[in-house]
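Quick notes on the structure that follows.
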Amino acid sequence: MDTQDGHGGLPANPYHPHAWFVGEPEIGDRCWIGAFCVVDGSGGLVIGSGCNLSAGVQIYTHSTVARCVSEGSRPIERRSTEIGDHVYFGANAVVLMGSSVGHHSVVAAGAVVAEDTVAPPYSLLRGVPAVVIEDGARKFSAH
């Protein structure tokens, strides 16, 4: 792994070589994606600028549940997912399809953002399923 200083002491390589990308997600500038992340763009994924995905973060835009349980008679479901600018994801956080996480938000380690969740800007999301705490992340903002 490249040990040169990239930004604020982080490795210069923003996408860890052990991160897995599916489809063609749109990823903004200055994002950092850690080891063992799954970034699924098969259903449409936009990740804003300046986001940090800690190790093990999984962002999904598809589900194979209906296809599996129906013995293949139903298709894979896909819904677009959107992540705003400057969103931080703690280790092993999961975002399921159809969700939207507003800019300058924090998704806590281990949180599971359920399908079709809409989190406004500056939210703190934590728990399983993740609960949105309005303005919970504003204390970290430079604004």
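Here are a few things to note about the model shown:
- Within region 91-139, the set of residues being farther than 26 Å from Gly23 by Cα, among the charged types (D, E, K, R) and modelled with pLDDT of 95 or more comprises just one member, Arg126.
- Those residues of region 44-71 which are surrounded by fewer than 20 Cβ atoms within 10 Å (Cβ to Cβ) and small (Gly, Ala, Ser), in sequence order: Gly44, Ser49, Gly50, Ser54, Ala55, Gly56, Ser63, Ala66, Ser70
- Only one of the listed residues (Ser80, Ser63, Ser70) is under 27 Å from Asp135 (Cβ atoms) and either among the polar types (S, T, N, Q) or over 12 Å from the mean Cα position of the chain (by Cα) (or both). That residue is Ser80.
- Screening Arg74 on (1) surrounded by fewer than 18 Cβ atoms within 10 Å (Cβ to Cβ); (2) of a type outside the set (A, V, I, L, M, F, W, C); (3) under 23 Å from Gly28 (Cβ atoms); (4) modelled with pLDDT of 95 or more shows it passes everything except condition (3).
- Here region 80-138 is the region considered, the condition is being among the hydroxyl-bearing types (Ser, Thr, Tyr) and under 13 Å from Asn52 (Cβ atoms), and the residue that is surrounded by the fewest Cβ atoms within 10 Å (Cβ to Cβ) is Tyr88.
- Residue match in region 66-77 (condition: β-branched (Val, Ile, Thr) and more than 17 Å from Trp20 (Cβ to Cβ)): yes
The values are calculated or read from the model by the stated rules, or taken from the named source; none is laboratory data. The structure presented is a predicted model; accordingly, all values stated were derived computationally and were not measured. Every residue, glycine among them, receives a Cβ derived from its backbone with ideal geometry; neighbour counts consider all protein chains shown.
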